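Comments concern the structure below.
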Amino acid sequence: MRRLLAVTAVAAAAWTARRALNRRIGGSPLWPLPALEEPVSGHSPRRTLRALIVSRTEPAEGVLRLVLEAPDLPAWTPGAHVDLTLPSGLVRQYSLCGDPAEHGRYTVAIRRVEDGRGGSREAHLQLVEGAELELRPPRNRFELVPAPRYLFVAGGIGITPVLPMLRAASAAGADWTLLYGGRSRATMPFLDELARYGDRVRLFPEEETGLPDLAAVASAAPGTAVYCCGPEALMRAVTAATPDPDAVHLERFAPAAGPAPARPFTVELRRSERVVEVAAGESALAAVRRELPDTPYSCEQGFCGTCQHRVLAGEVDHRDTLLTDQEREDSMLLCVSRAEGDRLVLDL
Ligand code: FES
């Protein structure tokens, strides 16, 4: 009986809190209230891992290769990337470019970008052998789908997610070709490793050959899966050249387009029972972080997926190039996407 009374008291308190919340957002419930007792976050918090840097090498000019080890590193598949937390707290995404069969070991390669946002410069300066790094388990938005033939196109450091794909495609007995471009041979990492694949690999060091010849993309046989990672211009050119846009898989580490005009809207944080106003000139992420400073984020440009959260109500103006149509049905990236109308309700 005492237990029943306690449960009833908790339910009554929850109901009172919900009514109070609804009063705050404008009278009677505007939105159907979900059962908050259920964990409903669409982007489940990922556990944090720690790994030791056991090797630091420079496989090309301006490129740093790190090997990380820890016994509990989760398994991964070709195309996956990890979020590394740099010593300053910046979080950056890097594709795993080692061998998925090596348990407890991740390899990443980082191109130093002098005029970037600082993450790669910090990595080059501060990530040394023997240091411990925090990271999150791998995610894969660039999965290698089964296909009889593959055409891989990589530009510069975009070779990193492609490397394990080449191994997997070879092991599966698939027919494949790689077009790999870069400024010069000296700046193109992993040429040694690629040499063993012979004429399946076509190199385009720009100072010798000019930009990659995409004729192979235009003439790809039906059923060929096309994978491209590199500068935005290269990905656009590959998408334009292919006769079958559905066969193209892209991995972005930069935004696809500039910002679109924006207007203010309201965000209700259902779990936290708060309401925030998003001004025309700020992102939903910035507004949410005023109330919930621990809300995770990284790129702030809509391509890493760190700020993905479930939407409980309201229409979203999706401005990213990352989420699938299915993901867009009930989630959004807070850093770039906005409300289509005046209000969104988030599971936060
Ligand atoms: Fe990277 Fe939003 S912070 S997608």
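Subtracting the Cα-Cα distance of residue 340 and residue 167 from 0.36 nm times their residue separation leaves 57.9 nm of extension gain. In this simple spin-label approximation, residue 174 and residue 329 carry label points 7 Å from Cα along the Cα→Cβ vector, and these lie 2.6 nm apart. Ranked by solvent-accessible area (1.4 Å probe, protein heavy atoms only, all chains present), the residues 176, 76 order from largest to smallest as 76, 176. Full extension of the chain between residue 219 and residue 277 gives 15.8 nm of extra length, using 0.36 nm per residue less the Cα-Cα distance. Scaling the Cα radius of gyration of segment 208-348 by the globular reference 2.2 N^0.38 Å produces a ratio of 1.26. Placing a label point 7 Å from the Cα of residue 90 along the Cα-to-Cβ line, the residues of segment 100-139 whose backbone N sits under 14 Å from it are 110-127. The slack between residue 99 and residue 211, meaning 0.36 nm per residue of separation minus the straight C-alpha distance, is 37.4 nm. Based on the Kirkwood approach, the hydrodynamic radius assigned to segment 43-125 is 13.5 Å, with every pair of different Cα atoms included. The DSSP beta bridges internal to segment 59-189 are antiparallel in roughly 70% of cases.
The values are calculated or read from the model by the stated rules, or taken from the named source; none is laboratory data. Everything quoted here is computed from the prediction, not taken from an experiment. Don't worry about glycine lacking a Cβ; one is built from the backbone with ideal geometry, like all the others, and counts go over all protein chains shown. Just the protein is used for accessible areas: all its heavy atoms, side chains included, with ligands, DNA and RNA removed. Shrake-Rupley method; radii C 1.70, N 1.55, O 1.52, S 1.80 Å.
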